[in-house]
1. Got a sec to turn the phi values of region 160-170 into Karplus ³J(HN,Hα) couplings, 6.51 cos²θ - 1.76 cosθ + 1.60 with θ = phi - 60°, whole Hz, x for Gly and Pro?
2. Relative contact order for the chain: what percent, with Cα pairs under 8 Å and sequence separation of 6 or more?
3. Return the long-range amide H neighbours of Leu275 (sequence gap of 5 or more, or a different chain), with a cut-off of under 5 Å between placed amide H atoms.
4. What longest range of the chain stays clear of loop-exposed chymotrypsin sites (Phe, Trp or Tyr not before Pro) (DSSP non-H/G/I/E/B, at most 16 other C-beta within 10 angstrom)?
5. Any idea what the alpha-carbon Rg over 2.2 N^0.38 Å comes to for the chain?
6. How do Ile136, Ile101, Ile48, Ile252 line up, fewest other C-beta atoms within 10 Å first?
Amino acid sequence: MAGRSLTAPVIAGSLLLTNLSTEQIVGLNGNAYSEGILVMAWETLAAIAMVVTAIFLLPRYLKGGLTTVPQFLARRFDVATKTITSGLFLTGYVVVLLPIILYSGSVAISGMFDIPEVLGVTNTQALWICVWGIGIIGSIYAVFGGLKAVAVSDTINAVGLLIGGLLIPVFGLMAIGDGSVLDGISVLGAENPEKFDSIGGPTDSIPFATIFTGMMLVQLFYWGTNQQIIQRALGAKSLQEGQKGLILASFIKILGPLIVVLPGIIAFHLFSGGLENADEAYPKLVNAVLPPYLLGFFAAVLFGAILSSFNSVLNSSVTLFGIDIYKQHFNPEAEEKMVVRNGKIFGVILAIFAMFIAPFIANAGSLFEYLQEVNGIYSIPILTIIVVGYLTKRVPAIAAKIGVLSGSILYILSQFILKPRMVASALAEAETNGVTDTAQLALVEAQAYPHFLHVMAILFVANILIMLLIGKFYPRATDYVQEYTKQVDITPWRYVKPVGLAVVVIVISTYIIFS
């Protein structure tokens, strides 16, 4: 917990850089290349989730002196619930998040510096080289440096990433406008008006209706309950500092589309939509528009961002394993040094697994959409039991276990077994009826099964109802009462609500402007 010494600027910087890595920069710009500004929902709506976390969740976390989110579940429900949740987090990290960070970072570095040509290797070999290079360096730093080393370096890198990230669209717009940024904006908007519509249709990756269903749930899980993110706020020296850090980060997050959306649209214009792999849009744009004297600076910043996210996830994994699994189940009497040592060993093993898995993500399709869809396996079930845990007093531990397991199993069945069958059946029927137009087939596919964000919302409500019903018929013997551990001053920041409201108004205004 970095000695519970983190201040608002460090928390904000660490939050932003932990989030803003190459899976965001490469993946989301790839989506923007294909679809335009509507994918900004992943960025702008995050600001609202941060506000909710600052006002509702963080005071409760710090009141309980939590080190990990699953610790709350042990106190509210039981140890088994905590262990199941920690296992889900760790599975998601090693199978999904860590490999995607390594893969997207390797795509960016390899594309910017044309590694295959420089080293005389194939694209696949270059990918493996970059994955293992990033993974080994990141593992050493995260495992032996600890959270404070990660958080402080995040803050330094965040400044560089913001500067470097903003330079790319500036030079891109200058390339379009013959040296003038304003002319570039004018040409980009006039020649690509369809790319500046924030309202997604039924065949888009983010239909507009999903903003009000699963999208907000995903954002709340990520910013409010995901260990790799919320761990920065849990290390705050006081509630005031934690709330200020989250709110500051939310304001900056609203500007996120300038870095992770606009370059994708610029790349679409410059390359005339001719790229076969949309995820190559950002590294190719950097190579095309950034002056040679800045390429090294930006590469260093980008490498810092890659390591930051990798380090943060690995550090959180070590924390989860050491405290929630090793100390709880294997050696309850272990001293802190023993817990840390075994956590480090686990972190090294986890990193090696991720480095082996990462290169195979090349066949997964849209990088960012793949990440969000697969994350639903554990994100919504965990969010459900945390929300019910805080908002109710009598729902028992068995309800949490059923809720988290049923949520995961139902999501896997719906998205990876039932959906492919229904979509294949609908497309086959459409082709039998003579439908060959690509747009019509895309519409048939979209209408054959609910969007995965809608599925998340449906399962979220279903899980809550299941847990409440169990709580009604088999309630706890006594009410749950959260104790104040007095580890952190929980006096709230007096301006958190009005400033938070201002953030929400800005987000809504952004949608109105681009609709």
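Laboratory data are not the source of any read-out in this text; all were calculated from the coordinates shown. Keep in mind that this is a model prediction, so the values were computed, not measured. Cβ: placed from backbone, ideal geometry, glycine included. Neighbour counts: every protein chain shown.
1. My calculation for region 160-170 gives x, 5, 5, 5, x, x, 6, 5, 4, x, 4 Hz in order.
2. Once normalised by length, the contact order is 32 percent.
3. Correct list: empty.
4. 1-270
5. 0.96
6. Result, fewest neighbours first: Ile136, Ile252, Ile48, Ile101.
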